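Take a look at the structure below.
The values are calculated or read from the model by the stated rules, or taken from the named source; none is laboratory data. Since this is a predicted model, take the numbers as computed values, not measurements. In this analysis, Cβ positions are derived from the backbone assuming ideal geometry, glycine residues included, and neighbour counts consider all displayed protein chains.
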Amino acid sequence: MAKYDVKVSIIIPHWNGIETLSECIKSILKTQFDSYEIIVVDNASTDGSQDWIKEEYPQIILIENDKNYGYAGGCNRGADYANGEFIIFLNNDTIQDPEWIKYLINLVETNKNIAAAQPKVLNYFNKNIFDYAGGSGGHMDVFCFPFARGRIFLNQEIDLGQYNDSRQCFWASGTAFLIRKELFLKAGKFDEVFFSHMEEIDLCWRLRAMGFQIWVAPKSIVYHKNALSMPMHSHKKYYLNHRNSLLMLFGNYSFINTILIGTVRIILEYVAFFYSIFKFDWNHASAIIRSLCWIAFHPHIILKKRSRFKMIRKEKDNNLFKNFFKNSIVYNYYIKGKKTYLEIESIDS
């Protein structure tokens, strides 16, 4: 077995916001775990973050990128410098419970088939509710609309311990998750076309297709300042969410499922577009059209993605469907009024 200087490499992609990063690092340094390193990947910050890190924390490995490569590109470049057997990808706008790493490691080391695990992600500003970005384990319906235990669309549940059981999920939140470095590399790292948003779901889909499992360890707790780096209702956030979801669908499904499921998904996109027009939500409406145009004009990127996915795939769609919510989360949330994961789970069971 390979020897490592440290057990865990914590990789933090960063772009501006010294105060935010400072709070995150101070929290990490309180972690009750002996073998870890911190790698900050700076995506060409303009606020002097680089010099501040060098002066305040010379022990931190600092990678200075020549431009903003986004979450995906920043994390990939950080992984190239990671010395640990395990990698934790961590948002800079988080603080952590002191034992957060211990519980993640303990879970993953129980089973070699577990590729990655995420903590329970609670909201920084209201620590009694699940955060939008992750909750207590991520899931997705067959049309590639993601949700989480504790958060479905904009509905964030109060944490009453209802999701404190450690179990398999479909995806681990990019806010904070631990992954075996070897498998991260074998899966092809993050797809940098995504830039930001859903790249972790795409990665977990590939790991699932390779035959590995994704879990949540709720005893591990991280608090997140949601939408700090990108406002919730901004055009860019809407655009990346829609485009990247479509990119996953057209890039990861088998050909026949791409046609069948993709057709329904495109119809749902137009429904969302006209609903946005009705609500005078121009940011959302324009983002949907922009995302559809991107998909239409980049078939070469989708084909390359499909080819890479096929090379690592061991599980067929029929087996992977067992891990999807088989109904439409959009229909159940907006039409049937199912607002919590427990309600959704009862439909799928």
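Quick look at the numbers
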read-out	value
Residue in segment 141-154 that is among the small types (Gly, Ala, Ser) and at negative phi present	yes
Options GLY78, GLY70: the member that is buried (at least 20 other Cβ atoms within 10 Å of the Cβ), under 10 Å from ILE39 (Cα atoms) and of a type in the set (Gly, Ala, Ser)	GLY78
Qualifying residue in segment 105-115 (condition: aliphatic (A, V, I, L, M) and more than 13 Å from LEU178 (Cβ to Cβ))	no
Residue under evaluation TYR36, criteria (1) crowded, with 20+ Cβ neighbours inside 10 Å; (2) touching a residue at least 40 places away in the same chain (Cβ under 8 Å); (3) among the hydroxyl-bearing types (Ser, Thr, Tyr), criterion not met	(1)
Wholly within segment 48-113, strands (runs of 3 or more DSSP E) carrying at least 3 residues that are touching a residue at least 60 places away in the same chain (Cβ under 8 Å) and within 21 Å of the chain's Cα centre (by Cα)	86-90, 94-96
Hey, PHE274 more than 22 Å from the chain's Cα centre (by Cα), surrounded by fewer than 19 Cβ atoms within 10 Å (Cβ to Cβ) and on the phi > 0 side of the Ramachandran plot or not	no
Elements of type strands (runs of 3 or more DSSP E) in segment 167-231, at least 2 residues being in contact with a His (Cβ under 6 Å, 6 or more places away or on another chain), surrounded by 23 or more Cβ atoms within 10 Å (Cβ to Cβ) and modelled with pLDDT of 95 or more	none
Every pair of residues 6+ apart whose Cβ atoms lie under 8 Å, when the first sits in segment 142-162 and is at pLDDT 95 or above and buried (at least 22 other Cβ atoms within 10 Å of the Cβ) while the second is outside any loop (DSSP other than H, G, I, E, B) and of a type in the set (S, T, N, Q)	CYS144/SER245; PRO146/SER245; GLY150/GLN156
Lone unmet requirement of (1) under 21 Å from the mean Cα position of the chain (by Cα); (2) loosely packed, with under 15 Cβ neighbours inside 10 Å; (3) under 20 Å from PHE194 (Cα atoms) for LYS310	(1)
Members of segment 115-135 found to be within 15 Å of the chain's Cα centre (by Cα) and not in a strand (DSSP E or B), listed by number	ASP131, TYR132, ALA133, GLY134, GLY135
Segment 232-255, subset part of a helix (DSSP H, G or I) and surrounded by fewer than 17 Cβ atoms within 10 Å (Cβ to Cβ), residue farthest from the chain's Cα centre (by Cα)	PHE255
